[in-house]
1. Restrict the check to region 309-327 and report whether at least one residue is among the β-branched types (Val, Ile, Thr), touching a residue at least 40 places away in the same chain (Cβ under 8 Å), touching a His at 6+ places or on another chain (Cβ under 7 Å) and more than 18 Å from Ala131 (Cα to Cα).
2. Checking Phe191 against (1) surrounded by fewer than 19 Cβ atoms within 10 Å (Cβ to Cβ); (2) within 27 Å of Pro80 (Cα to Cα); (3) within 21 Å of the chain's Cα centre (by Cα), only one condition comes out false. Which one?
3. Does region 143-171 hold any residues that are closer than 20 Å to Gly117 by Cβ and either out of contact with any helix residue (DSSP H, G or I) (no Cβ under 8 Å at 6 or more places or on another chain) or among the basic types (Lys, Arg) (or both), and which are they?
4. Can you tell me how many residues in region 232-246 are crowded, with 21+ Cβ neighbours inside 10 Å and not in a loop (DSSP other than H, G, I, E, B)?
5. Please determine whether any residue of region 336-358 is buried (at least 21 other Cβ atoms within 10 Å of the Cβ) and within 26 Å of Asp249 (Cβ to Cβ).
6. Kindly provide the set of residues from region 303-312 that are in contact with a helix residue (DSSP H, G or I) (Cβ under 7 Å, 6 or more places away or on another chain) and crowded, with 24+ Cβ neighbours inside 10 Å, ordered by number.
7. Taking the conditions exactly as written (over 24 Å from Gln334 (Cα atoms) and under 21 Å from the mean Cα position of the chain (by Cα)), does Asn172 satisfy them or not?
8. Mind checking whether some residue in region 234-245 is over 28 Å from Gly315 (Cβ atoms) and modelled with pLDDT of 95 or more?
Amino acid sequence: MSRLTKFDINFRLFLRDIYHFFPTIGWKILKPIFFSFDPEKIHHFVVRYLKFTPLSLLGYDVSTIKSLETEVFGIKFPNPVGLAAGFDKNAEVYRQMSAFGFGFIEIGTVTPKPQEGNPKTRIFRLIKDRALINRLGFNNDGVDKVIKRLKNNKEVIIGGNIGKNKNTPNENAVDDYLFCFKKLYDYVDYFTVNVSSPNTPNLRDLQNIESLRSILIPLIEENKKRSKKPILLKISPDLADQDIISVVDLIQDINLDGIISTNTTIKRDKLKSLGNIKNEKGGLSGTPLKNRSTEVISLIHKYSKGKVPIIGVGGIMSPKDAIEKLNAGASLIQVYTGFIYNGPSFAYKINREIIKSLN
């Protein structure tokens, strides 16, 4: 725990609020402009811009407030708010995203070979629902290029989200996961096994217990030969509760390190957006996912009696949503769509709310 008094902490936060007043106003001006262009084009523009932006200009630092430190599966995180996989797929701007106040960055999904993903257009904003639909399909530069960008990293906690190439048959999927696992091992702090994206054909079939066992056990055995880094499984919100319980049983049986709850959903319940856009194929994220994601977190936490560490992700669109995930049983949280809608100060604002809740 920090030796700072409550007054000291609040005063430091007050000074940071003043420092970030004008960037926050700037985001309110930029957001409507950004949202008038294709989401994927804007994403690539932002990534290119961030590559050449001095880190000092991005600072939403909360590292001096030690009460935010969180130790989970043997890793000490500077704060519990992470950036979910999908934003920095190719490990291009993880330092910049860390400077926005994220305690850890998950890169990927990374596959053995580079692949372009699904045909464009493949990201859609559902503004009335504060949501996104994406059907990117594991577009990435391939594991060899990614590790070159991670070689000089010493300060940012990195999660490696790994998957299989589209053309790899499911019966050979373990080979792709093992390949990425071995290649990335020296460059990431933990691994996420992604078998729950709805955007790679038949990938979600790997969520049945026998398929999971055939992928996870070889990874665990390979891990034992090394320094043993945490391995987590990312699951779909669309699994039935009984299937989720079966997955938790498997995780405890094979001593997997944790679970990420949840990926995007293919359901389209009660959307406010009009027209055909809400029927676009792909994974839905944002506000419509919030309640189901929290339900799954709560189910896992209660069923495992808190013994399975959970990273909560899905529908965190406000600091209040983040606190809700933590109260449901998540040890850490991740955001993506909430960052897109709320702008660069979002991780800072969540951490600020966490500090208030601790006081």
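The values are calculated or read from the model by the stated rules, or taken from the named source; none is laboratory data. Because the structure is a prediction, the values reported are computed rather than measured. Because the Cβ atoms are built from the backbone with ideal geometry, glycine has one as well, and the counts that use them run over all protein chains shown.
1. Initially, region 309-327 is screened for residues among the β-branched types (Val, Ile, Thr), giving 310-311, 313, 316, 323.
Going one step further and asking which of them are touching a residue at least 40 places away in the same chain (Cβ under 8 Å), we end up with 310-311, 313.
Among the residues that remain, those that are also touching a His at 6+ places or on another chain (Cβ under 7 Å) are: 310.
If we keep only those that are more than 18 Å from Ala131 (Cα to Cα) too, we end up with 310.
Yes, some residue in region 309-327 is among the β-branched types (Val, Ile, Thr), touching a residue at least 40 places away in the same chain (Cβ under 8 Å), touching a His at 6+ places or on another chain (Cβ under 7 Å) and more than 18 Å from Ala131 (Cα to Cα).
2. (1)
3. Scanning region 143-171 gives Lys145, Arg149, Asn161, Lys164, Lys166, Asn167, Pro169.
4. Qualifying residue count, region 232-246: 5.
5. The answer is no, given that none of the residues of region 336-358 is buried (at least 21 other Cβ atoms within 10 Å of the Cβ) and within 26 Å of Asp249 (Cβ to Cβ).
6. Ile310, Gly312 - these are the residues of region 303-312 that are in contact with a helix residue (DSSP H, G or I) (Cβ under 7 Å, 6 or more places away or on another chain) and crowded, with 24+ Cβ neighbours inside 10 Å.
7. Working: over 24 Å from Gln334 (Cα atoms): yes; under 21 Å from the mean Cα position of the chain (by Cα): no.
For Asn172, the condition - over 24 Å from Gln334 (Cα atoms) and under 21 Å from the mean Cα position of the chain (by Cα) - is not met.
8. Residues of region 234-245 over 28 Å from Gly315 (Cβ atoms): none.
Within region 234-245 (the criterion being over 28 Å from Gly315 (Cβ atoms) and modelled with pLDDT of 95 or more), the answer is no, since none of the residues qualifies.
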